[in-house]
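Notes follow once the structure below has been shown.
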């Protein structure tokens, strides 16, 4: 489970930026939190709002860059332990509107939790080469983290848990040492970290081809769950069939007692997106994975988007701590009946053309009090109370069209 992700000097983000899945002490939706003994509660959902060009996608790309940088070398050599569901590797590009930042590394740090441990992994990249890297582990409920390894330039220092394993510390400058260890050694602590990174699923529905990357299975148990969820969402489908010869998916409906099959590409855009997204979401649910989705709301009715969100926020369904992180333009779901205040985040461009990220929970009113959990979040956002949004302010104020 993701606890916290921070980064700096990546694309439109110049300064250190922190996204947090650690739950604040709030009264609302307390029963939806991911709970474990001896450690803090985590959020099941995080959503990022903001104008076009505000940095929503680049935040997800920063996280995707870190994950894919670690996972892709392992996957390319077929050393992965889990079914990897990634988009193409995201290139590491620094903030370009500053002469100094171009010469400085992009830095990423991630805190995540497994069944037994909490890990902190740090990676710094400059011109496609790893300039610094470290991995620390702490037992859940423990006090002091232990070093697994540290890397500074060409020097690598091993921690006590792997130092006696006769491990090579000579690694290609473009290869993360974490990936190198996963590929070449069978070390339990590295395998634990490797599997967490491989479990992360990344999808971008800003890319139309994502709707055609279907992961449906003919297994009856899986098919039954998919059809059940589709019917719950109002998509009346009785069955589906994968034709291996035609390489075509057919959806079946029964009308007046007679069955009809329709090729997948004839379906509505919303149905096609649901068919593409649901298997990913269900896999996350049943294996406790992190799902990162850009523009989840594209082509989805707001009620369907709320339904997907509700799956992650229902402990009776989300029993293994799956998490959903996504971007959205849909104001109708920015409600206190859908989200906690610490689940809503905003990305916006500042005056120096860099992007900033902050949560609704962090915002203070004029009286220095936090936004109340009974507030109309969508209305206040459109009024500009949660940060400068020139597009919305121009529309609300009539703008200057002369």
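Every number here is computed from the coordinates shown, using simple stated rules; none is lab data. Quick caveat: nothing in here was measured; it's all calculated off a predicted structure. Virtual Cβ from ideal backbone geometry, glycine too; neighbours counted across all protein chains shown.
Over the Cα atoms of the stretch 139-194, what is the Rg over Rh ratio if Rh follows Kirkwood?
Values: Rg = 11.8 Å, Rh = 12.2 Å.
My calculation puts Rg/Rh at 0.97.
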Can you tell me, using C-alpha contacts under 8 Å and at least 6 residues apart, the relative contact order of the chain as a whole percent?
19 percent
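Sort 187-199, 40-52, 153-165, 73-85 by packing, meaning the average of other beta carbons within 10 Å per residue, with the highest value first. Let's see the in-between values first.
On the way: 187-199: 19.2, 40-52: 20.8, 153-165: 13.0, 73-85: 15.2.
Highest-to-lowest ranking by the protection proxy: 40-52, 187-199, 73-85, 153-165.
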Gain in length, residue 310 to residue 352, computed as 0.36 nm per residue apart minus the alpha-carbon separation, to one decimal in nm?
11.4 nm
In whole Å, what is the distance between the alpha-carbon centres of the stretch 121-155 and the stretch 96-120?
10 Å
Could you check the simple spin-label distance between residue 172 and residue 30, using points 7 Å along Cα→Cβ, in nm with one decimal?
5.2 nm
With 10 angstrom as the radius, rank 233, 201 by how many other C-beta atoms surround their C-beta, starting from the fewest.
233, 201
In the stretch 315-334, which residues have a backbone nitrogen under 16 Å from the label point lying 7 Å from residue 303's Cα in the Cα-to-Cβ direction?
332-333
For a label point 7 angstrom out from the Cα of residue 255 toward its Cβ, which stretches of the stretch 216-234 have the backbone nitrogen within less than 18 Å?
234
What ranking do 130, 167 get, fewest neighbouring Cβ atoms within 10 angstrom at the top?
167, 130
For the chain, calculated [θ]222 nm from helices alone, where every DSSP H run of n ≥ 4 adds -39500 (n - 2.57):
-7500 deg cm²/dmol
Rounded, prolate or oblate: which one fits the stretch 90-215, using the alpha carbon gyration tensor with axes a ≥ b ≥ c (rounded when a/c is under 1.5, else prolate when a/b beats b/c, else oblate)?
oblate
When the scattering of the chain is computed by the Debye formula from its Cα atoms alone, each counted once and equally, what is log10 I(q)/I(0) at q = 0.12 Å⁻¹?
-1.04
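Using per-residue counts of other Cβ atoms within 10 Å, averaged over each peptide, order 300-309, 264-273 from highest down. Walk me through the intermediate numbers first.
Details: 300-309: 17.7, 264-273: 15.5.
Going from most to least packed, we get 300-309, 264-273.
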Label point distance in nm, residue 98-residue 147, each placed 7 Å from Cα along Cα→Cβ
2.9 nm
Would you mind listing how long the stretch 216-275 runs along its three principal axes, going by Cα atoms, in whole Å with the largest first?
30, 26, 25
How far apart, in nm, are two points set 7 Å out from the Cα along the Cα-to-Cβ line at residue 116 and at residue 374?
4.8 nm
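Take peptides 350-363, 315-328 and line them up by average Cβ neighbours within 10 Å, highest first, as a rough protection proxy.
On the way: 350-363: 16.9, 315-328: 19.4.
The most tightly packed comes first, giving 315-328, 350-363.
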Extension gain from residue 366 to residue 82, taking 0.36 nm per residue of separation minus the Cα-Cα distance
97.3 nm
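Kindly give Rg over Rh for the stretch 26-160, based on alpha-carbon atoms, with the Kirkwood expression for the hydrodynamic radius.
Numbers: Rg = 17.6 Å, Rh = 17.7 Å.
For the stretch 26-160, the value is 1.00.
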